[in-house]
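Enquirer: First, the structure itself, so that you have it in front of you.
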Amino acid sequence: MSAEDDSPRSGRICVVGSANADLVVRTRVLPKPGETVAGGELQLLPGGKSANQAAAAGRLGGRVTLVGAVGDDAYGRMLIDSLEASGVDVAGLAVRDDATTGTAMIAVDERGENFIIVSSAANGLVDEAAVDARADAIADADVLGLSFEIPMGAIIRASEIARANGTTVVLNPSPFALPPVELLANVDILVLNEHELGQLSGLDPDAPLEAHAPALAALGVGRAVVTLGANGAALLVAETTADAAAVTLVDAPRVEAVDTTGCGDAFTGALLLGLSAGDDLLASTRTACAVGAIAATAVGAQSSYPFADELEAFLRERGGAPTA
C-alpha cells in the first residue's frame, strides 16, 4: 500500500525537525538506575519525532514535505527510504557528510511502556540557514508542524516564515523545554501531554484542565490539544485570560497496546493532516485519537502507522465515520 497523492484529503503540510534511527529492544521490565535487565532481539527502525509525524500524515494521504538532515550513512538511507514509502517529499532532507544520522535508543517493556535516549547528531545541524533554504515549502503549506529535536533558532525561524505567509503553526514542545516568547507569538495550536501542560502553565499536572487555560492565554496561545494516552485527548480553548475555558474531551478507541513508541507522533501527524485538509480542530482530534490507538497495536513508530484505507477499516469496525 502507499499514500495517494491525489487523495481529496491531501492538504499541504510542512514538518521542520528531526529524523532518527530507532534502536529498539523489548524487555520484561524497564531497568531502574544502575540495574541491568535482559532484552530481546535488537531492532533497527525509522523514527525521530518530526519524521514520524511526517510519515503519519503522508500515509494518510497528506502532501508532506520534511525539512531536516540525516548523515550520509546506512541509517540515513533507511530513513529516506521509509519516508518515501510513506509518501513524504524528502527533497528538504539534507544528507550531511559531516555528521552521522540521529539515533534514538529505546527500551519497551511488556506493558508497552518505554524510555528513550536520543543522540541528535545531524539533527543538531538544522539551523536557520537550512530553514531559509526551504522557506518555500513552509510558505506554500497549509500547516507547519514543529517539535523540539532541532536547534531552537531553526524552530523560531520556521515559525516566523509560517506566520508571514498565513501558514497555521502547530507546536509539539517535546522533548519538553519552555518555548521562547518569540516562538509562542507565532503558534496557533499547542499539542502536548498532561505533564508538559503542567510544566508550561506552572500548575500541578493533576489540576483540572480548565485551570491551565489562563496561563496558556497569557502566553498568547488560546488553543491546545492535550493528549491523555489511552483516555484520548482534550481540547482546551481560552482566547483571553478572562474567558471561561472550554474543555472538550475526545475518547480514544480501546485497543490492546503492544508498543506506545511514536504514538504521540502518530497522533500529531494525523492532526496536521486533518487541519491541512480543512477539518476543524475537534474532527481532526477525533481522527488523531484513532490513529494514535492503531499505532499502539504494533512494534515501532513509522512501521505501526496506518494508511488511509486501514484507518477507514478500523473506524468502520467500531462504527465510526470513514475519513474520506
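Enquirer: Among the residues of region 168-226, count how many are under 19 Å from the mean Cα position of the chain (by Cα), surrounded by fewer than 13 Cβ atoms within 10 Å (Cβ to Cβ) and modelled with pLDDT under 90.
Expert: Residues that pass the stated criteria total 0.
Enquirer: Now, a different point. In region 1-30, what residues are at pLDDT 95 or above and buried (at least 21 other Cβ atoms within 10 Å of the Cβ)?
Expert: ILE13, CYS14, VAL15, VAL16, GLY17, SER18, ALA19, ASN20, ALA21
Enquirer: If you take the residues of region 294-315 that are touching a Phe, Trp or Tyr at 6+ places or on another chain (Cβ under 9 Å) and part of a helix (DSSP H, G or I), which of them is surrounded by the most Cβ atoms within 10 Å (Cβ to Cβ)?
Expert: Only one residue fits best here, namely ALA295.
Enquirer: Another question, if that's okay. Can you confirm whether region 93-102 contains a residue that is more than 28 Å from ILE155 (Cβ to Cβ) and part of a strand (DSSP E or B)? Please lay out each step first, then the result.
Expert: Filtering region 93-102 for residues more than 28 Å from ILE155 (Cβ to Cβ) gives none.
Scanning region 93-102 turns up no residue that is more than 28 Å from ILE155 (Cβ to Cβ) and part of a strand (DSSP E or B).
Enquirer: Tally up the residues in region 89-126 that are of a type in the set (Lys, Arg) and either modelled with pLDDT under 95 or over 30 Å from GLY11 (Cα atoms) (or both), please. Steps first, please.
Expert: Initial filter on region 89-126 (of a type in the set (Lys, Arg)): 96, 111.
Those left that are additionally either modelled with pLDDT under 95 or over 30 Å from GLY11 (Cα atoms) (or both): 111.
Matching residues across region 89-126 total 1.
Enquirer: Still on this structure: Return yes when LEU282 is under 18 Å from ASP188 (Cα atoms), within 18 Å of the chain's Cα centre (by Cα) and surrounded by fewer than 18 Cβ atoms within 10 Å (Cβ to Cβ) and no when it is not.
Expert: Details: under 18 Å from ASP188 (Cα atoms): yes; within 18 Å of the chain's Cα centre (by Cα): yes; surrounded by fewer than 18 Cβ atoms within 10 Å (Cβ to Cβ): yes.
Answer is yes for this residue.
Enquirer: Would you tally the residues in region 100-113 being surrounded by fewer than 20 Cβ atoms within 10 Å (Cβ to Cβ) and out of contact with any Asp or Glu (no Cβ under 7 Å at 6 or more places or on another chain)? Talk me through it step by step, then tell me what you get.
Expert: Residues of region 100-113 that are surrounded by fewer than 20 Cβ atoms within 10 Å (Cβ to Cβ), as a first pass: 100, 105, 109-113.
Still in the list and also out of contact with any Asp or Glu (no Cβ under 7 Å at 6 or more places or on another chain): 105, 109-111, 113.
Matching residues across region 100-113 total 5.
The values are calculated or read from the model by the stated rules, or taken from the named source; none is laboratory data. Just so you know, these numbers come straight off a predicted model, no measurement behind them. Neighbour counts run over all protein chains shown; Cβ positions are idealised from the backbone, glycine included.
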